[in-house]
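Only one structure is covered here, and it is reproduced in the block below.
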2 protein chains.
Amino acid sequence: MAFNKRSKIKLLLESSKIGKNTTIMGWVRTKRGNKNVSFIAVNDGSTIQNYQVVADPNVISEEVLKRITTGACIKATGEVVASQGAGQDSELIAQKIEVLGEADADKYPLQPKKHSMEFLRENAHLRMRTNTFGAVFRVRHALAFAVHQYFNDKGFFYIHTPIITASDAEGAGETFRVSTLDMKNPPLTEDGAVDYTKDFFERETNLTVSGQLEGELAAMALAEIYTFGPTFRAENSNTTRHLAEFWMIEPEMAFYDAEDNQDLAEDFLKYIISYAMEHCKADLEFLDKRAAEENAKKPTNERTELGLLDRLRFVVDHDFERISYTEAIEILKNSKPNKKKKFSYIIDEWGADLQSEHERFLVEKHFKKPVILTDYPKDIKAFYMKQNDDGKTVAAMDILFPGIGEIVGGSQREENMEKLTTRMDEMGISQEELYWYLDTRRFGATPHSGFGLGFERMVQFVTGMGNIRDVIAFPRTPGNAEF
Amino acid sequence: MAFNKRSKIKLLLESSKIGKNTTIMGWVRTKRGNKNVSFIAVNDGSTIQNYQVVADPNVISEEVLKRITTGACIKATGEVVASQGAGQDSELIAQKIEVLGEADADKYPLQPKKHSMEFLRENAHLRMRTNTFGAVFRVRHALAFAVHQYFNDKGFFYIHTPIITASDAEGAGETFRVSTLDMKNPPLTEDGAVDYTKDFFERETNLTVSGQLEGELAAMALAEIYTFGPTFRAENSNTTRHLAEFWMIEPEMAFYDAEDNQDLAEDFLKYIISYAMEHCKADLEFLDKRAAEENAKKPTNERTELGLLDRLRFVVDHDFERISYTEAIEILKNSKPNKKKKFSYIIDEWGADLQSEHERFLVEKHFKKPVILTDYPKDIKAFYMKQNDDGKTVAAMDILFPGIGEIVGGSQREENMEKLTTRMDEMGISQEELYWYLDTRRFGATPHSGFGLGFERMVQFVTGMGNIRDVIAFPRTPGNAEF
């Protein structure tokens, strides 16, 4: 007989079942009470809100009640009644409670007290049972679904680009090698190099740093596509903003120029944030309070002015400011923190790469709205970006958000075969290896554009979590591949 | 100024724009005609249907018309008029045509003639521009979206489980090693082994073969979750059914027993197939015809009785038959092909692993409906499956489809700590390495279940493509990591 006959707590809270009998199942968050009554807060993961089960020791035996401790999993059946206390409309008067699985109070790590984020990271296999991480992963889900919903509604096609690849053409960073060769005694060529022709793929392969180039191939056939898959960087970065394994969303669109690309990116970002705000109200209210508490603990000069929900509204409610890199440099050069040498990196000439402090100044102080920075110097951008007529800039865009700086990077792509190959030669990128990429310029080329969004950066922005390791279930970082 | 002002062909065909002016952009499939008029079939990837552009040489110059060849990308503006010919309701009388990108007829590989599948695989960067592959990837998108839609509607949360992992606990197959160590001179320990503590993750790591174990961790907090991510097998299998890199969908649910699991899987499979049938009518009609042509070319004894659309309806319209492995063995033992020794593997006793020929016999000949086979011998199944009371079977299920055999494998999971650890010891699986998995049995255990669907197998089933390399954009197989 099917076992899963239960009311999900989220639905139970939304509907009025008062007077009816039902069953809930979930994990015990707390139990309190006295000799005459026990109040058991149960959470089933469907919502941040616990549901209160009221247990009368005349109905539920002492033997059962003793086994109901924080972390235990229970099945409770009884009548839904209007709640006496504040906080929720209804509660369950238990007629029967079954302990599905105990949680020994001496051993269960997640006791009802404040745990450090580091402790919870070490217990990532259990941390999703806390309020904070439950909220984070529900919001993460909502954002991921919103991505698919947005592009599907617009007629884009989801493409799975390869994870294992022989090309690191973009030169976007250090890569992980993928191999089945014997590490200790690899086959060697006559001149003593490792003979990758004997490897699984008969060539050297690594984990992808981006699906963009393959995404462009698909866009040159299906016109509007997006990827949403894992990407990898083997950089030894132990920061709150870097992961060795993270998920990227990369739309690529035939027939889009730089302006179309900006329009799409702005609309897309607003959509997914609005979606989360609409579908994760309770989780975001909780995270908003949490962020405010975290903020209050910081030294005054590190505190943010805007609360979490304020920051989300800030993005959704404003037209993004669109300015060129050249204009931004002028603004920064003449800015107070630059003149007073408050920036760590002083901006004194055109061509400088912008740091997070500059990006945040433009967004938070100068324009007070999200900013799309366009037309960067070609020397600080990738080979595939469309060269502008001025001969020194490319049709790139970076989108800058409050508190976080760059969240999206993209560009119109260079569709002109001669310009593209000249730039590849200048930058030492092999035309032969990328023959397939160049074929899309050889045959039926068209203006096209695309951008990339690091998914975990977006989850960080929407949840207000300070460390990127806390927005992915099982983070991979230098020295850490646990679980 | 924004460039992307066009009518998508799919929407143009659905709406009546007759008498209105519009612009389309896309790739030329064919051009035919005579001195007085040219008919240009344009495809923009939004649908399998081409749109006809009619070009009068008095309006469109000869110089432009000459550059319009198969594979070229064009922008055509003109008036939409009711079509004279059969096949579509309207066409575009060109007032202006701009060639966005040429395709030299002497060099462009995809000339309008029949290409072998092998040739198209070698040109995977261009093959999405053909009718067949355009259809396949639009159907693939629809199926992927349906997966997300289904689980989101049911309140499941999408979890990204790790791609790089230190555990190969399931023992599901050979893995790819992920490393940044110098292949030629790796650091060694004192006793001469490769010293993986010096590697990026400070331990030996590989690409995941399944997200299930991590998915279970999430289900023990959020109750109902699913994964949809890439998985890897380093097996040297050069078949039409195996990829080294493929995508898996793995739902895991707290509070589901074996029967709940079967109910969910059947409902899910019917949903995503129905979704594709509803949203990809034109593509599936094309693929149905294609499959019929392929079928007719086969020797009589290899032909399938059911056409592609018949097979899809076969699954959607029938309640799946649910029988135990033990019952299946009895049926097979007494079957005609077994008695007449027509099976390659004769079934003579309980405990035998079933081959594709047996699975297909059950589905296609005996029951004439999809079959859920349950309660397999524990010795041919994984350690984590729930042990039945008979002491010899586990609460596994395989779902069998016509033409393809097993498409889903799953089980109720063993939640009993003692039974689980005993089985791990018997099978030589380290309790220490999997401490985090065991913690979900130590703390707040509950009956739970899950299953796995190989996404490419499903795309093969729905598109009728014979080779799995033709349902993923850039397949990875032994010796092949091109693009």
Review point. So what is the relative contact order of region A:120-226, in percent, for Cα pairs below 8 Å that sit 6 or more residues apart?
Key: 30
Check your understanding: Considering only Cα-Cα distances, which of the following residue pairs are longer than 29 Å: A:LYS381/B:LYS184; B:LYS8/B:LYS113; A:LYS198/B:LYS198; A:LYS5/B:LYS365; B:LYS342/B:LYS381?
Key -> A:LYS381/B:LYS184; A:LYS5/B:LYS365
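Could I get the Rg over Rh figure for the protein assembly as shown? Both from C-alpha atoms, Rh via Kirkwood, rounded to two places. Each step should come with its number before you reach the end.
On the way: Rg = 29.6 Å, Rh = 30.4 Å.
The Rg/Rh ratio comes out at 0.97.
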**Study point:** Summed buried accessible surface, chains A and B, 1.4 Å probe, nearest 100 Å²
**Key:** 9800
Exercise for review: Restrict the search to region A:349-436; then list the chymotrypsin sites (Phe, Trp or Tyr not before Pro) that DSSP places in a loop and that have at most 16 other Cβ atoms within 10 Å of their Cβ.
Suggested key: A:TRP350
Exercise for review: Quick one: angle between helix B:308-317 and the longest Cα principal axis of chain B, in degrees between 0 and 90, rounded to 10, please.
Suggested key: 50
Check your understanding: If R0 is 22 Å, what FRET efficiency do you get for A:THR326 and A:ASP425 from their C-beta distance, rounded to 0.05?
Key -> 0.25
Check your understanding: How about A:LYS114: which aspartates and glutamates have a C-alpha closer than 20 Å to its C-alpha, ignoring those fewer than 8 places off in the same chain?
Key -> A:ASP104, A:ASP106, A:GLU122, A:ASP283, A:GLU285, A:ASP288, A:GLU293, A:GLU294, A:ASP470
Review point. Whose amide H sits under 5 Å from the amide H of A:VAL408, counting only residues 5 or more places off or on another chain, with H placed in the peptide plane?
Key: A:ILE399
Review point. Hey, for B:ALA193 with labels 7 Å out along Cα-Cβ, what do the inter-copy distances come to in nm, ordered shortest first?
Key: 3.2
Check your understanding: If the cut-off is 19 Å between C-alpha atoms, which aspartates and glutamates fall inside it for B:LYS20, apart from same-chain ones fewer than 8 positions away?
Key -> B:ASP56, B:GLU79, B:ASP89, B:GLU91
Revision key, fill the gap. With Rg from the Cα atoms and Rh as the Kirkwood inverse mean 1/r over Cα pairs, region B:9-110 has an Rg/Rh of 0.94
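So what's Rg/Rh here for region B:328-392, counting alpha carbon atoms and using the Kirkwood radius for Rh? Walk me through the numbers on the way to the answer.
Numbers: Rg = 12.8 Å, Rh = 12.9 Å.
That ratio is 0.99, to two decimals.
Can you give the alpha-carbon Rg of chain B over 2.2 N^0.38 Å, where N counts its residues?
Numbers: Rg = 26.9 Å, N = 483, 2.2 N^0.38 = 23.0 Å.
Output field value: 1.17.
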Revision key, fill the gap. Computed about the Cα centre, the charge dipole of region A:102-183 from +1 Lys/Arg and -1 Asp/Glu charges at the Cβ has a magnitude in debye, to the nearest 20, of 480
Check your understanding: So how far apart, in nm, are the two label points at B:ILE380 and A:ARG203 if each is 7 Å from Cα heading toward Cβ?
Key -> 4.0
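Where the convex hull is taken over the Cα atoms of region A:113-189, what is its projected area averaged over directions, in nm²? Before the final figure, lay out the partial values.
Details: hull surface 40.4 nm².
If you wrap the Cα atoms of region A:113-189 in a convex hull and average its projections, you get 10.1 nm².
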**Study point:** Inter-copy spacing of A:LYS342 label points, which lie 7 Å from Cα along Cα→Cβ, given in nm from shortest upward
**Key:** 8.5
Study note, to complete from the structure: Computed over chain A, protein heavy atoms only, probe 1.4 angstrom, the accessible area per residue in square angstrom equals 40
Revision key, fill the gap. Cα-based Debye curve of region B:390-483 sampled at q = 0.16 Å⁻¹ gives log₁₀ I(q)/I(0) of -0.85
Study note, to complete from the structure: Rounded to one decimal in nm, the spacing of the 7 Å Cα→Cβ label points at B:THR22 and B:LYS184 is 6.0
Revision key, fill the gap. Yeah, region B:171-302 with a ≥ b ≥ c from its alpha-carbon gyration tensor (a/c under 1.5 is rounded, else prolate when a/b outruns b/c, oblate otherwise) is oblate
Study note, to complete from the structure: Relative to chain A, whose Cα atoms define the longest principal axis, helix A:281-297 and its Cα axis are tilted in degrees, nearest 10, by 80
Review point. Under a point spin-label approximation (7 Å from Cα along Cα-to-Cβ), what is the A:ASP191-A:GLU62 distance to one decimal in nm?
Key: 8.5
Point to revise | Whole-Hz couplings from phi, Karplus 6.51/-1.76/1.60, listed for region B:102-113; x for Gly and Pro | key: 7, 9, 3, 4, 7, 10, 5, x, 8, 6, x, 8
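On the accessible surface of chain B, probed at 1.4 Å, how many percent belong to carbon and sulfur atoms? Please list the in-between numbers first.
Details: 8840 of 19360 Å².
Solvent-exposed carbon and sulfur of chain B make up 46 percent of the total.
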Practice item. Please work out which residue of chain B brings its Cβ closest to the axis of the rotation superposing B onto A, and round that distance to whole Å. Key: B:HIS148, 2
Practice item. Could you tell me whether region A:261-369 comes out rounded, prolate or oblate from its Cα gyration tensor? Rule is a ≥ b ≥ c as square roots of the eigenvalues, rounded for a/c under 1.5, then prolate if a/b exceeds b/c, otherwise oblate. Key: oblate
Study note, to complete from the structure: Taking the label point 7 Å from Cα along the Cα-Cβ vector, the copy-to-copy distances for B:GLU122, listed from shortest in nm with one decimal, are 5.8
Practice item. Please give the solvent-accessible surface of B:MET277 in Å², to the nearest 10, using a probe radius of 1.4 Å with every protein chain present. Key: 50
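Only helical DSSP H runs with n ≥ 4 go in: add -39500 (n - 2.57) per run for the protein assembly as shown, normalise by residue count and round the 222 nm mean residue ellipticity to 500 deg cm²/dmol.
Values: 28 runs with 294 residues, N = 966.
-9000 deg cm²/dmol, from helical runs alone.
The values are calculated or read from the model by the stated rules, or taken from the named source; none is laboratory data. A quick note: this is a predicted structure, and the numbers were derived from the prediction, not measured. Positions of Cβ are generated from backbone atoms using ideal geometry, with glycine treated the same way; all protein chains shown enter the neighbour counts. These area figures cover heavy atoms from the full protein model, side chains too; ligands, DNA and RNA do not enter into them. Shrake-Rupley method; radii C 1.70, N 1.55, O 1.52, S 1.80 Å.
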